[in-house]
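Student: Before we start, here is the structure in question, set down as structure tokens.
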Amino acid sequence: MPTDVVANVMANRRLSSDYNVLTLAAPAVAAAALPGQFVMIRAGRGHDPLLRRPFSVFEVLRDRDGSPTGISLLNKRIGVSTGLLYAARPGESVDCLGPLGRPFSFVDPPTEAWMVAGGVGLAPFATLAEALRRRAVTSVLFYGARRAGELFHLDFFRDLGVELVLTTEDGSLGEHGRIVAPLERRLSSHPTDTPVMVFACGPEGMLAATAKAAAVHGRACQVSVERIMGCGLGGCYSCVVPMQAEDGGHHHVRSCIAGPVLAGDQVLWE
Ligand SMILES: Cc1cc2nc3c(=O)[nH]c(=O)nc-3n(C[C@H](O)[C@H](O)[C@H](O)COP(=O)(O)OP(=O)(O)OC[C@H]3O[C@@H](n4cnc5c(N)ncnc54)[C@H](O)[C@@H]3O)c2cc1C
Ligand code: FES
């Protein structure tokens, strides 16, 4: 069940001139959150922004006894709300509603989990990688960013035993180029009798290319779509995504309640 809380900012760690990790005290949200779910956050106390904005749950924080105490958000500053979240100070508060949406579906061995993240699309994969580790699933993170300074949390994934495949658009770390290139090579060379589930989150062009590559190689793929969301609760239809219908036609789903995680081969990519 989602809860709506006024969450205190416990910490704000700047990662770069655009990215930060904001830690919020929200035990009830943390206790219920599943990998891939999101929260609707209202930053600031004035009329701008009027509406909440969606953010993936990045980390679930726990005390020494293992009890959930809060969540963190991996925030990328692009506008009003994300600017306020970048500037937020400990002791301030934000409105936090969640967890919301359909989470990732887990896999078990021998199926391998290949996570594909573009930029801030890394956010849902920290909790997913922890869950996969508990299930002893062999996991790979394909992670692309613009430059080396925008590839975050690498040791966290390494410590979980996740293999890292990195790309940067300027070639400053990992392979030069986009993350779909090494993914396609690995899909081409991987033994067909080893099952793989591809999980993807990032810009829509990356999601479309990932879903198409997975389909070409006969691999299942779950994508987490990032549409503009007005309510996060199914009421405003600002977040619709066109999907294939069983009769061969198409229909639209509200990605805040049918997603954000959707079957990659059923989304009609534009
Ligand atoms: C399910 C979900 C999970 C998300 N998780 C995260 C996360 O973990 N971390 C994070 O930093 N961001 C995340 N986002 C994106 C985040 O919600 C937007 O960046 C945010 O709404 C922008 O708000 P703003 O007030 O700063 O920008 P605004 O001032 O409202 O807009 C600035 C510009 O960004 C464009 N824009 C706004 N929202 C989006 C969007 N969703 N996609 C593309 N362009 C957009 C606007 O059209 C405008 O041009 C997520 C989005 C969804 C749907
Ligand atoms: S965000 Fe309002 S219906 Fe999805």
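The values are calculated or read from the model by the stated rules, or taken from the named source; none is laboratory data. Fair warning: this is a prediction, and the values are worked out from it, not measured in the lab. FYI the Cβ positions are ideal-geometry reconstructions off the backbone, even for glycines, and counts take in every protein chain you see. These accessible areas exclude ligands, DNA and RNA; they are computed on the full protein's heavy atoms, side chains included. Shrake-Rupley method; radii C 1.70, N 1.55, O 1.52, S 1.80 Å.
Student: When T138 is evaluated against the numbered criteria (1) closer than 26 Å to Y86 by Cα; (2) in contact with an Asp or Glu (Cβ under 6 Å, 6 or more places away or on another chain); (3) not charged (D, E, K, R), which criterion, by number, is the only one it fails?
Tutor: (1)
Student: Residue check: is A30 within 20 Å of L128 (Cβ to Cβ), outside any loop (DSSP other than H, G, I, E, B) and either under 20 Å from the mean Cα position of the chain (by Cα) or at pLDDT 95 or above (or both)?
Tutor: Considered against the rule, which asks whether it is within 20 Å of L128 (Cβ to Cβ), outside any loop (DSSP other than H, G, I, E, B) and either under 20 Å from the mean Cα position of the chain (by Cα) or at pLDDT 95 or above (or both), A30 comes out as yes.
Student: Scan the range 212-231 residue by residue and report those that are within 10 Å of ligand 2 (Cβ to nearest atom) and either farther than 29 Å from D48 by Cβ or in contact (Cβ under 8 Å) with a residue 12 or more places away in the chain (or both).
Tutor: Of all residues in the range 212-231, those within 10 Å of ligand 2 (Cβ to nearest atom) come to 227-231.
Once the filter is applied, which keeps residues that are within 10 Å of ligand 2 (Cβ to nearest atom) and either farther than 29 Å from D48 by Cβ or in contact (Cβ under 8 Å) with a residue 12 or more places away in the chain (or both), the range 212-231 yields R227, M229, G230, C231.
Student: Inspect all residues belonging to the range 209-226 and state whether any of them is outside any helix (DSSP H, G or I), under 21 Å from A129 (Cα atoms), away from ligand 1 (no atom under 16 Å from the Cβ) and not charged (D, E, K, R).
Tutor: Taking the range 209-226 and keeping what is outside any helix (DSSP H, G or I), we get 217-226.
Narrowing the set further to residues that are under 21 Å from A129 (Cα atoms) leaves 219-226.
If we keep only those that are away from ligand 1 (no atom under 16 Å from the Cβ) too, we end up with 219-221.
Restricting the remaining residues to those that are not charged (D, E, K, R) gives 220-221.
Yes, the range 209-226 contains a residue that is outside any helix (DSSP H, G or I), under 21 Å from A129 (Cα atoms), away from ligand 1 (no atom under 16 Å from the Cβ) and not charged (D, E, K, R).
Student: Taking V241, is it within 16 Å of ligand 1 (Cβ to nearest atom), in a strand (DSSP E or B) and open to solvent by 20 Å² or more (accessible area, probe 1.4 Å)? It would help to see each step written out before you state the result.
Tutor: Numbers: within 16 Å of ligand 1 (Cβ to nearest atom): yes; in a strand (DSSP E or B): yes; open to solvent by 20 Å² or more (accessible area, probe 1.4 Å): no.
No; evaluated as a whole, the condition is false for this residue.
Student: Is it fair to say E226 is buried (at least 17 other Cβ atoms within 10 Å of the Cβ), at pLDDT below 95 and farther than 15 Å from A113 by Cα?
Tutor: Details: buried (at least 17 other Cβ atoms within 10 Å of the Cβ): yes; at pLDDT below 95: yes; farther than 15 Å from A113 by Cα: yes.
So E226 passes the test.
Student: Would you confirm, using the coordinates I've provided, whether F125 is more than 16 Å from ligand 1 (Cβ to nearest atom) and either open to solvent by less than 10 Å² (accessible area, probe 1.4 Å) or under 18 Å from E59 (Cα atoms) (or both)?
Tutor: no
Student: Which of the residues that make up the range 92-113 are assigned to a loop (DSSP other than H, G, I, E, B) and surrounded by fewer than 19 Cβ atoms within 10 Å (Cβ to Cβ)?
Tutor: Taking the range 92-113 first, the residues assigned to a loop (DSSP other than H, G, I, E, B) are 92, 101, 103-111.
Of everything in the range 92-113, those that are assigned to a loop (DSSP other than H, G, I, E, B) and surrounded by fewer than 19 Cβ atoms within 10 Å (Cβ to Cβ) turn out to be E92, S105, F106, D108, P109, P110, T111.
Student: Just to be sure, is S188 out of contact with any Asp or Glu (no Cβ under 8 Å at 6 or more places or on another chain), outside any loop (DSSP other than H, G, I, E, B) and among the hydroxyl-bearing types (S, T, Y)? Explain how you work it out, then say what you get.
Tutor: Values: out of contact with any Asp or Glu (no Cβ under 8 Å at 6 or more places or on another chain): yes; outside any loop (DSSP other than H, G, I, E, B): yes; among the hydroxyl-bearing types (S, T, Y): yes.
It is true that S188 is out of contact with any Asp or Glu (no Cβ under 8 Å at 6 or more places or on another chain), outside any loop (DSSP other than H, G, I, E, B) and among the hydroxyl-bearing types (S, T, Y).
So that you can scan it fast, the table gives a plain yes or no per residue for (1) open to solvent by 10 Å² or more (accessible area, probe 1.4 Å); (2) of a type outside the set (D, E); (3) within 16 Å of ligand 2 (Cβ to nearest atom); (4) in a loop (DSSP other than H, G, I, E, B):
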| site | (1), (2), (3), (4) |
| --- | --- |
| L233 | yes, yes, yes, yes |
| Y237 | yes, yes, yes, yes |
| D247 | yes, no, no, yes |
| H251 | yes, yes, yes, no |
| A258 | yes, yes, yes, yes |
| D265 | yes, no, no, yes |
| W269 | yes, yes, no, yes |
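Student: So G44 fits all but one of (1) open to solvent by less than 20 Å² (accessible area, probe 1.4 Å); (2) not in a strand (DSSP E or B); what number is the exception?
Tutor: The failed condition is (1).
Student: Name every residue in the range 107-141 that is under 15 Å from V261 (Cα atoms) and free of Cβ contacts under 8 Å to residues at least 40 places away in the same chain, in order of residue number.
Tutor: none
Student: Something else now. For the range 52-91, enumerate the residues that are within 24 Å of S238 (Cβ to Cβ), touching a Leu at 6+ places or on another chain (Cβ under 9 Å), away from ligand 2 (no atom under 16 Å from the Cβ) and in a loop (DSSP other than H, G, I, E, B).
Tutor: V57, F58, R77
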